[in-house]
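*Asks:* Sending over a structure as structure tokens; questions will come in a sec.
The values are calculated or read from the model by the stated rules, or taken from the named source; none is laboratory data. Note that the coordinates shown come from a computational prediction; the quantities given were computed from them, not determined experimentally. In this analysis, Cβ positions are derived from the backbone assuming ideal geometry, glycine residues included, and neighbour counts consider all displayed protein chains. Please note that ligands, DNA and RNA were not included when accessible areas were found on the heavy atoms of the full protein model with its side chains. Shrake-Rupley method; radii C 1.70, N 1.55, O 1.52, S 1.80 Å.
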Amino acid sequence: MSQTLAILGLESSCDDTAAAVVRAGGQGGAEILSSIVTGQGDLHAAFGGIVPEIAARAHAERLDLCAEAALERAGLDLSDINAVAVTAGPGLIGGVMAGVMCAKGIAAGAGLPLIGVNHLAGHALTPRLTDGLGFPYLVLLVSGGHCQFLQVEGPESFRRLGGTIDDAPGEAFDKTARLLGLPQPGGPAVEAEAAGGDPRRFAFPRPLLDRAGCDMSFSGLKTALRRARDELTVARGGITRTDRADLCAGFQAAVRDVLAEKARRALAATGAPAFAVAGGVAANRAIRAALETVAGAAGARFIAPPLALCTDNAAMIAWAGYERFRLGRRDGLDLRPRPRWPLDARSPAMLGAGKRGVKA
Ligand code: KG4
Ligand code: ZN
């Protein structure tokens, strides 16, 4: 395709309202002309977690403003846009509905093609947007709501090798932070504490390493951490700064070891020439370094997209929309928002995978 296309993407499946414009096709690579992400942390802070109804209402109020801002920053108006791509699932259904309704309105009003995108496909295809990666490759989606290994064989062809059977790692980091009185989101806070701690002081479990395959479990780890904290509290009336640093270091090392060993198995099983990570937890330096080492040992190229494109954003949705558009896919105004939407329909659904809605 020699002509370039400008795609407007919308994302609202969790607690970030996002819009972006991506130009793709032609001779050059893809270009992100704008990417606006508006978080909702302030709206949910008092509740200790995301309240789906509050999230949905905020998305409905902000999506069109976000789309306008993305167009303005890209220096384009709707007449320059070739298609509208929107996250149609999986995710918190109220937010997904708000996004799909907004995209339908824009597409119908401007006479543009509409393309529904699977949010997980957006994450999984991001290394193609950032690095022009060719198929096939292995990707680990690891965030507050996702944790799965996928072999990516084409824009619509994904094979899941395994995933968490309970909590997602980001969720476990967030709970750990809460247990230790650290701020949210927990990942960066736990990582900072862990830097000064002794990872060997507490013998935390490495769940499911004794079981073949690439499935993972992180909820037992959180329970072990709580027990260790409670034992210290009973014995000494509280935990010291050193205790806290050691607990964080031990916890992070356990998550790192599980992800690294399962990644080693996934690479061995697929022989993938490249291994990419996506999701907020990929920001963790210890985890990232361990995954890079595993990729190197397997002779696979390692790709970690910039953090802003690892976490939820609409540029990945615009890109995934472009990939579908190129295949001739179009959705009608009957496009249905889906709370669950497994990328690999051949694999059984993974229930309980993450507080932010079952990501399948
Ligand atoms: O991808 P993301 O922005 O949102 C979804 O969950 O979809 O990921 C957010 C998650 C949070 O749970 C956060 O604690 C975690 O990623 N996270 C980290 C780090 N930075 C963010 N976990 C570990 N280490 C970090 N440095
Ligand atoms: Zn996501």
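*Asks:* Could you check what % of the DSSP bridge pairs in the chain are antiparallel, to the nearest 5?
*Replies:* If I count the DSSP bridges inside the chain, around 65 percent turn out antiparallel.
*Asks:* Still on this structure, please answer the following. At a 1.4 Å probe, what is the % contribution of carbon and sulfur to the accessible area of the chain?
*Replies:* Solvent-exposed carbon and sulfur of the chain make up 52 percent of the total.
*Asks:* Along the charge dipole of the range 1-63, which of THR17, PRO52, THR4 sits closest to the positive end, that is, farthest toward it, with unit charges on the beta carbon of Lys, Arg, Asp and Glu (+1, +1, -1, -1)?
*Replies:* THR4
*Asks:* Report the Cα-based extents of the range 137-307 along its three principal axes, largest first, to the nearest Å.
*Replies:* 55, 32, 27
*Asks:* With every protein chain left in place, what is the accessible area per residue of the range 63-215 in square angstrom, probe 1.4 Å?
*Replies:* Dividing the accessible area of the range 63-215 by its residue count gives 35 Å².
*Asks:* What FRET efficiency do you get for LEU333 and GLU153 if R0 is 22 Å and r is their Cβ-Cβ distance, rounded to the nearest 0.05?
*Replies:* Between LEU333 and GLU153 the formula returns 0.10.
*Asks:* Helix check for the chain. Which DSSP H runs span at least 30 Å along their own axis by Cα, with a mean Kyte-Doolittle hydropathy no less than 0.0?
*Replies:* Length and hydropathy pass: none found.
*Asks:* How long is the gain from LEU209 to ARG241 if the chain were fully straight, where each residue apart is worth 0.36 nm and the alpha carbon distance is subtracted?
*Replies:* Details: separation 32, 0.36 × 32 = 11.52 nm, distance 3.05 nm.
Additional length available on full extension: 8.5 nm.
*Asks:* Right, next: Need one number: nm distance between label points at LEU43 and VAL234, each 7 Å from Cα along Cα→Cβ, rounded to one decimal.
*Replies:* For LEU43 paired with VAL234, the spin-label model returns 4.3 nm.
*Asks:* Less than 15 Å Cβ to Cβ from GLY134, Lys/Arg counted +1 and Asp/Glu -1: what total charge do the surrounding residues give?
*Replies:* Net local charge, GLY134 excluded: 0.
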